[in-house]
Amino acid sequence: MRHWFIVLMVCVALGSCNDNIERRTASTIQMAAELDSLEQKARKNNNYPYFTDNLLHKLEINVHGLPYTMKFGQWLDYVLVMMLKGDNDKCIAVIDKFLDSNHFDKINKDNVDFYKMKALAHLRKGEIENCIQNHSGQSCIMPIKEKGIHVQVGSAESALNVYQKLLAYDTTDMQSRWFLNLCYQAVGQYPDAVPEQFLIPVEAFQSEIEFPVFPNISMETGVDLNNHAGGASIEDFNNDGLLDIFTTSYSLGEQSTLFLNDGMGGFVDSTEHYGLTGMVGGLNNIHADFNNDGLTDIYIMRGAWLARNGLVPNSMLLNKGGYFSDETRSAGIYQKQPTGTVAVTDFNLDGHLDLFVGNESSGRKAVFPSQLFMNNGDGTFMDVAEQLGLEINQFVKGATWGDINNDGWPDLYLSIYGRPNKLFVNKGETNAKNWIFEEISKVAGVDEPLMSFPTWFWDYNQDGWQDIMVMGYDNRESHLIASEVARDYLDKPFKGETPRLYRNNGDETFTDVTEEVGLDRLLYVMGGNFGDLNNDGYPDCYLGTGEFNIWASIPNRAFLNLNGAHFADVTTAGEFGQIQKGHGVAFGDLDNDGDQDIYHQVGGAAESDVFQNMLFHNPGFQNNWLTLKLEGTSANRSAIGAKIEVHVTLPSGNQRKIYHYVGTGGSFGSNTLRAEIGLGDAVDIDRVVVYWPDHQQSKQVIKKLEMNQFFNIIQGKEPEQINLSPLKLRTKSSHEHHH
């Protein structure tokens, strides 16, 4: 016995006694094989942005033997795809040859696009040389400063030279003005060296209020994956009391990754050990305990934005305790449709979590209706969308559940790209066939913006009624995104779609308060989520921005909620303004110190548009907090949909209610399901009231909870205090600014 114990300890220390052991289930192997086959087909298909070899080869054939003086459009397509692939040197060389052959010594209307392409190719080359190959935590964070300034400045200087010529040709070219300022920042000469006529002043980037830096420590902690757009989840996947990270990538050539918290300030890539090898692709993901076994499962969404080219199956990964198994087929939810959003709740309050799957219909030849998979309680699901009137044949980009009228029944809001958004009020009933969802978006006043993307329910003003946030995303003129964002920074009129914040009036109608609270900004949000950055009890938000277009280099943004009255931009002060493409965002207290950190999945869709993911470490505030892990019994075990009221006493002796709703947050990013609640300057917790999402709409009142502690609360039982020691996340790395 002692011999085997020693062998076991050695195996644990080494990670495995046999790295060749197959850790995957048969169903996982089957899904991995199918995804591998689809990847091989995708590489041959010219319609996948992250695989460009065949498209580039086709364009090379088109221009082979073609004089540079003919068919400018074909040459422009050729150099664009070359840059998308990442061959910037060749792109620049071909453009130079083109310009020389046509004797284009000066910029004119016939060649201006080639000059813009050349400038961007130089800038992209500089980003690769500095921000990726010599990465630091401040790389590509705008305004660029300190460790973010390029070490190898040649490429940025070459780009700067071209942008100066472009602005000499057209002084109103706002896109070139934006990138000119970016180049001066990259070489460390901003703002002093920028010509006054083209300067975007320092004041334009300044935050509205003082706010501490949230340092990016993804390298130090080992979670700085360098890949494409994707999703992010923060949760305790192995039930050790430490929050972990799961992340996916859009490309079918890139592996999903599970980072387990090692309890020593970093994370360990446990993908293979947990049987996830071959689980590739996925622009988005979400997590919950779908089978009520106490282990958190994962759902991966694939095929988004690709229409008929996006006929790729999603994955339901059930957590078996020590490994995951793809049970998509056995659960009865296998499908091959383009999916970018999934929302999870128990819509019929039977104690089992259901899934609304928002698919993307984009015309008569690409009809992919949305689905509502009702949980049968036996590990299988049934699509009831059609009979409940939720079979939406539109381009659904965001889906979220909330309770707009405080009747206990989950309601559904859909962000629909290019069409009015929809709000379905859950009227309840006794069985699925008679269930009623009433669409009220127009009457409720929440059907805008017409071009929108991520969305969520939150109680931004802490009045006990859930409000709706939906982000504008008009990318129909994607080449103008940097131009229009520059106009917004300069307080000039801009074209584009702003977000909408709809305040709940308490009568199934809403008021648009976007301008009133200061969120009427041009943001181009793709991923985003909310949490409480400073533990004051009011939810804040962090937004991932950009667009597929390679020109869409704009800062990600962060907004601090000031007592439910105004949102202050704290992007620059907090050093959140990463200009690479922002996607999945997840909030969670990764070091168990009582405040929320942020994991951000960064990267675009084009083959070369990759970047390191980011982990923003919360420096801490002086406010108090309370963390609750709820476990339903008659309610779903994850307690998704539970409403928590924390009654606290303030220093003045007055009482305050703080509201929290259990869920993963926004539609593009998956927060921890632990209720991490900021208490502000409260001096005492009077009581906590939990409204459980079950048929009885059970109410549980809990007293005598201490502040700044963790508690497990099983429905109907007394709370259990959990002693979780704070971790010291690593803040130094051995590979900063090294190849």
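The values are calculated or read from the model by the stated rules, or taken from the named source; none is laboratory data. This structure is a prediction, so every number in the text was calculated from the model and none was measured. Here Cβ is always computed from backbone atoms with ideal geometry, including for glycine, and neighbour counts include all displayed protein chains.
Points to keep in mind about this one:
- Of residues in region 440-465 being outside any helix (DSSP H, G or I) and among the β-branched types (Val, Ile, Thr), the one nearest to the chain's Cα centre (by Cα): 455
- Selection status of residue 8, surrounded by 11 or more Cβ atoms within 10 Å (Cβ to Cβ), at pLDDT 85 or above and assigned to a helix (DSSP H, G or I): no
- Boolean, residue 523 is modelled with pLDDT of 95 or more, in the same structural domain as residue 408 (by the TED database), within 17 Å of the chain's Cα centre (by Cα) and within 26 Å of residue 232 (Cβ to Cβ): yes
- Enumerated strands (runs of 3 or more DSSP E) restricted to region 611-699, each holding at least 3 residues that are at pLDDT 95 or above, closer than 30 Å to residue 126 by Cβ and outside the structural domain of residue 351 (by the TED database): 614-616
- Unique residue being farther than 16 Å from residue 344 by Cβ, surrounded by fewer than 19 Cβ atoms within 10 Å (Cβ to Cβ) and within 22 Å of the chain's Cα centre (by Cα) when the list is 389, 363, 418, 428: 418
- Among (1) outside any helix (DSSP H, G or I); (2) closer than 30 Å to residue 252 by Cα, the one test that residue 66 misses: (2)
- Looking only at region 91-114, and only at residues there that are under 12 Å from residue 76 (Cα atoms) and assigned to a loop (DSSP other than H, G, I, E, B), the one that is farthest from the chain's Cα centre (by Cα): 110
- Residue 585, sole failed condition from (1) in contact with a strand residue (DSSP E or B) (Cβ under 8 Å, 6 or more places away or on another chain); (2) under 30 Å from residue 175 (Cα atoms); (3) surrounded by fewer than 22 Cβ atoms within 10 Å (Cβ to Cβ): (3)
- Those residues of region 18-47 which are part of a helix (DSSP H, G or I), among the basic types (Lys, Arg) and within 25 Å of residue 333 (Cβ to Cβ), in sequence order: 41
- Subset of region 223-258 [over 27 Å from residue 36 (Cα atoms) and in a loop (DSSP other than H, G, I, E, B)]: 236, 238, 239, 240, 241, 242, 243
- Any hit, region 398-407, residues being surrounded by fewer than 23 Cβ atoms within 10 Å (Cβ to Cβ) and closer than 17 Å to residue 662 by Cβ: yes
- Within the option set 245, 209, 234, 141, being aliphatic (A, V, I, L, M) and surrounded by fewer than 22 Cβ atoms within 10 Å (Cβ to Cβ) holds for one residue only, 209.
- Residues in region 224-260 that are aliphatic (A, V, I, L, M) and within 29 Å of residue 85 (Cβ to Cβ): 225, 229, 232, 252.
Conditions tested, residue by residue: (1) modelled with pLDDT under 95; (2) surrounded by 24 or more Cβ atoms within 10 Å (Cβ to Cβ); (3) closer than 30 Å to residue 731 by Cα.
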residue	(1), (2), (3)
261	no, yes, yes
272	no, no, yes
283	no, yes, yes
301	no, yes, no
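- Whichever residue in region 259-287 is touching a residue at least 60 places away in the same chain (Cβ under 8 Å) and assigned to a strand (DSSP E or B) and, among such residues, is farthest from the chain's Cα centre (by Cα): 261
- Verdict on residue 372 being free of Cβ contacts under 8 Å to residues at least 40 places away in the same chain, under 24 Å from the mean Cα position of the chain (by Cα) and assigned by the TED database to the domain that holds residue 250: yes
- When residue 434 is tested against the conditions (1) closer than 26 Å to residue 177 by Cα; (2) at pLDDT below 95, the lone failure is (1).
- Within the set 522, 480, 490, 533, the sole residue that is touching a helix residue (DSSP H, G or I) at 6+ places or on another chain (Cβ under 9 Å), buried (at least 24 other Cβ atoms within 10 Å of the Cβ) and either in contact (Cβ under 8 Å) with a residue 40 or more places away in the chain or under 28 Å from residue 459 (Cβ atoms) (or both) turns out to be 533.
- Taking every residue in region 51-75 that is outside the structural domain of residue 253 (by the TED database) and pairing it with any residue that is assigned to a loop (DSSP other than H, G, I, E, B) and modelled with pLDDT of 90 or more, at least 6 positions away or on another chain, the pairs with Cβ-Cβ distances below 7 Å are 51/607; 52/607; 68/102; 69/102; 72/110.
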